[in-house]
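The values are calculated or read from the model by the stated rules, or taken from the named source; none is laboratory data. Predicted model, so just to flag it, every value in this text is computed and none were measured. Here Cβ is always computed from backbone atoms with ideal geometry, including for glycine, and neighbour counts include all displayed protein chains. Calculation scope for accessible area: heavy atoms of the full protein, side chains included, ligands and nucleic acids excluded. Shrake-Rupley method; radii C 1.70, N 1.55, O 1.52, S 1.80 Å.
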Amino acid sequence: MNKKYIIITTIAMLCAISLIVTDITVRYIRYEKKQHEISEGFNTASQKRPIKMGMKSKTDTFKVDDVTFDIYYGMYEEGDETPKSSYVREMSENAFFALYLYEYENRGSVIYNNGEDYKDNAITQNIYSKNIDKDYFVKEISSEEAFSDDYAYILDEGFLAAHVEYKHHETITIMKELFSKAKGTIIIRIYAIVVSEGDEYRISEGAAVRINYEFISEDTVQIEYRHNQL
């Protein structure tokens, strides 16, 4: 009787230990997997301006010629009946949006005045150009499109911060040429560009996803997300 009891108890203990080890292993695998995922920019704690941006990626490690992930952004909160007012001084002005990629250390200028670089957001400039030596133009979003329902976002108010639900997202690939150093920073930026009745251009708002990267092998980079305003 005692011997049988000992055998049963031993088997039960071994089964319990096996279950515990399996659970720990599964948790570890899930933890490791989670460490390589990126899901950022979905709360407003660090996003005070009208444009919201975020990104999601199943991994933080990429081959340098295929750094591809999803970016999320919205121009106004759903329910705002006059979204353009967040960007313009006068409602007669027009606002459109432009998406660019560039190296942090080599930022170009989307607004020019007589050949001089845009320096100060408060200075009205009069020339807008998509073709910038140091920046990669991705797309332009018209006022009609930007203030449509497709580019709205929903804020779910929480205790410390509001969760952001984006209606628009797209897949973007960072070109290999931007990874020019062993370690560096790449910016994905949206500019809100306002045009006055006199066809003068200025940047009124902006937001960005800041990607810190580091080569961990000859052809592999690891990235880290940082939210960044204009």
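A few points about this structure:
- Residues in the stretch 187-230 that are assigned to a loop (DSSP other than H, G, I, E, B) and exposed (fewer than 15 other Cβ atoms within 10 Å of the Cβ): E197, G198, D199, E218, D219.
- Candidates S92, S85, S57, filtered to the one that is over 22 Å from the mean Cα position of the chain (by Cα), under 27 Å from D156 (Cα atoms) and among the polar types (S, T, N, Q): S85
- Unique match (being in contact with a Ser or Thr (Cβ under 9 Å, 6 or more places away or on another chain) and not polar (S, T, N, Q)) among A192, A208, A182: A192
- Of the strands (runs of 3 or more DSSP E) lying entirely inside the stretch 14-100, those carrying at least 3 residues that are open to solvent by less than 80 Å² (accessible area, probe 1.4 Å) and either among the β-branched types (V, I, T) or at pLDDT 90 or above (or both) are 52-57, 67-74.
- Residue in the stretch 210-225 that is closer than 18 Å to F97 by Cβ and β-branched (V, I, T) present: no
- H163 fulfils the conditions (1) touching a Gly at 6+ places or on another chain (Cβ under 6 Å); (2) open to solvent by 70 Å² or more (accessible area, probe 1.4 Å); (3) not hydrophobic (A, V, I, L, M, F, W, C) except for a single criterion, (1).
Results for (1) within 17 Å of E77 (Cα to Cα); (2) touching a helix residue (DSSP H, G or I) at 6+ places or on another chain (Cβ under 6 Å); (3) at pLDDT 90 or above, shown as yes or no for each residue.
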| site | (1), (2), (3) |
| --- | --- |
| H163 | yes, no, no |
| I203 | no, no, no |
| R210 | no, no, yes |
| I223 | no, no, yes |
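- Inclusion of E105 among residues that are at pLDDT 75 or above, in a loop (DSSP other than H, G, I, E, B) and among the charged types (D, E, K, R) is not warranted.
- Qualifying residue in the stretch 166-186 (condition: in contact with a Lys or Arg (Cβ under 6 Å, 6 or more places away or on another chain) and either open to solvent by less than 10 Å² (accessible area, probe 1.4 Å) or under 15 Å from N43 (Cα atoms) (or both)): no
- Hits in the stretch 152-183 (condition: farther than 19 Å from T59 by Cβ and part of a strand (DSSP E or B)): A152, Y153, I154, L155, D156, H163, V164, E165, Y166
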